1. Where the centroid of each part is defined by its Cα atoms, how far is region 475-500 from region 529-550 in Å?
2. Pick out, in residue order, every one of the trypsin sites (Lys or Arg not before Pro) in region 428-490 that is DSSP loop and has at most 14 other C-beta atoms within 10 Å; say none if there are none.
3. Along the charge dipole of the chain, which of Ser121, Leu468, Leu505 sits closest to the positive end, that is, farthest toward it, with unit charges on the beta carbon of Lys, Arg, Asp and Glu (+1, +1, -1, -1)?
4. To one decimal place, what orientation-averaged projected area in nm² is obtained for the convex hull of the Cα set of region 171-225?
5. Quick check: the distance between the Cα centres of region 19-60 and region 312-389, to the nearest angstrom?
6. Dividing the convex hull volume of the Cα atoms of region 260-331 by its residue count, what figure in Å³ per residue is obtained?
7. Do the sum for the chain: with -39,500 (n - 2.57) for every DSSP H run of n ≥ 4, divided by all residues, what is the mean residue ellipticity at 222 nm, to the nearest 500 deg cm²/dmol?
8. Where in region 366-434 are there GluC sites (Glu not before Pro) that are in a DSSP coil and have at most 13 other Cβ atoms within 10 angstrom of their Cβ?
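The values are calculated or read from the model by the stated rules, or taken from the named source; none is laboratory data. It should be emphasised that the depicted structure is a prediction, and the values quoted were computed from it without experimental measurement. Please note: Cβ atoms are built from the backbone with ideal geometry, for glycine as well, and neighbour counts cover all protein chains shown. Remember, those area values only see protein heavy atoms, side chains included, never the ligands or the DNA or RNA. Shrake-Rupley method; radii C 1.70, N 1.55, O 1.52, S 1.80 Å.
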Amino acid sequence: MAGERGVIVIGAGPCGLMLAIELGRRGIPVIVLEEKTSPAGFPAANATQARTMEHYRRLGFADEIRALGLPADHPTDIAYFDRYTRHELARIRLPSAQAARAIIRSLTGSWSAAELPHRCSQMYIERVLREKAQACRTVSIRAGWCAVALHQDTDAVAVEAERVDGSDRAMLEAAYVVGADGAASRMRKMLGYDLVGEGGKVRDFLGGRMLALYFRSADVYDVIPHPRAWMYWAVNRERRGIMACLNGRDEFVFHTQLREGEEAFRISDAEANAFFHLALGARLDIDIIARSAWNAGYALVAEGFRNGRVLLAGDAAHLFTPTGGLGYNTAVEDAVNLGWKLAAVLKGWGGPVLIDSYELERRAIACRNTAHARTFADSVGGFVPPRELEEEGAAGEAARKAAGDHLGAHARFEFDIPGITFGARYDGSPVIVPDGRSPPADTVNDYLPSACPGGRAPHLWLPDGRSLYDALGFELTLLRLGTHPVDAAAFPAAAAALAMPLAVLDVAGDEARDLYGADLALIRPDQIVAWRGNAAAGAADVLQRVAGHG
């Protein structure tokens, strides 16, 4: 790498691209090596959680993301059926993109946030992330390139790279390398780390080899005699499946679990169509655009996230069964956490403990989130449909009522998860300054806003109509809270002496002071509370610790 040593990112999925944006917006030289020569063309993750949307908002493109995917007024309900054209068993109603924009300002408590979730295929979102990364003058994305070897010492990492077609080779050098190269990560294998946890869990559904069909049909909505949804689950004893709407018109993705003796590469398009027909409960001509096979039943985390100057992030570091939509969103948070820390160290104001804190903070969250995804998969995939489910008469009605009760409860359990979305915490991190008070319990379906250091900064709307998050600085921000703000001059003075970027934001009124439980709060670039207190005494010590100088 010519000039200043920066970062080489291996992989251009959501994690790698988000990391490139975080670094590029801070002026750090970045080379992204991506084996693919064109953007993703197959639907992958379909749920962007509210916390991820808040990060897209922080970077200025949340509205662009929310405009993608379904039409603005399309419902985002999750609905369960025995077969899509027959009995509806349960439904959780969720707002359209248009409604999400309208209601977010009125929500409090668990859903006090700057953004609500958004339902959109990752293949659309990746195009925006790639565009934003390429717009950074210090970011270079090299499509069709892969890393074949690493050599590191105490000062730098050398990467042997080659074109996937073998036509060219190069030796690149960087201060750090990040492997964000997916579940089969070559980088993880180079570091000698295994994935540990639960693999290959067998369930009635979402526990085995899965077949995915990306298809086009203008008639799906006409054939299904139920109100529109975003995600359709078929729950029966013959062929279970999940169908997600991609554009709200004619493109869908359908997943079904393969049974013993069914091998994806041996299944013809006609047989794949028949699988869909069984879940649909009717025959319908569909145009299969692409197919894919994948494995469900995983809750795995890499043994380590770092070896010297080489780090792992995203699916290279953790592998999920996609219930709860936690894999892609956890990957984005990895990038956000790591991006500002690498930039701080490369710019000279971050200390060595800052990079150490990445693994300490994010591996614990990976273990937490994979465990939650496994629990969701057990709840829905472990449910065995009653034999009488599709019968007419009293026995069938009773079976459908029992199934609906279970699936309705499950839907609320899996898809109303502010506790998971907002409640991740970095307690015990060496770059968090505890204040002796205990944080709220970590729960799935409830979130209690708390400024206890180590968690997401509590959100509120400011009198001028902005989100608090819109007013935060891009790097560290010191909040002065309350009607009579305390003298905090020691913080900017100490930050200047340490060459640390620090903004000071006054938030007047009792609401903010009561919400944060202190007169002052130090917010990290990733919107995590690093410290809070009632006086600026010891400001230099606080900043030294938060910056990773021990």
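1. After rounding, the separation between the Cα centres reads 10 Å.
2. Sparse-neighbourhood loop trypsin sites (Lys or Arg not before Pro): Arg437, Arg466.
3. Value computed over the given set: Leu505.
4. For the Cα atoms of region 171-225, the hull's average projected area reads 8.6 nm².
5. 15 Å
6. So the per-residue Cα hull volume is 157 Å³.
7. -9500 deg cm²/dmol
8. Glu392
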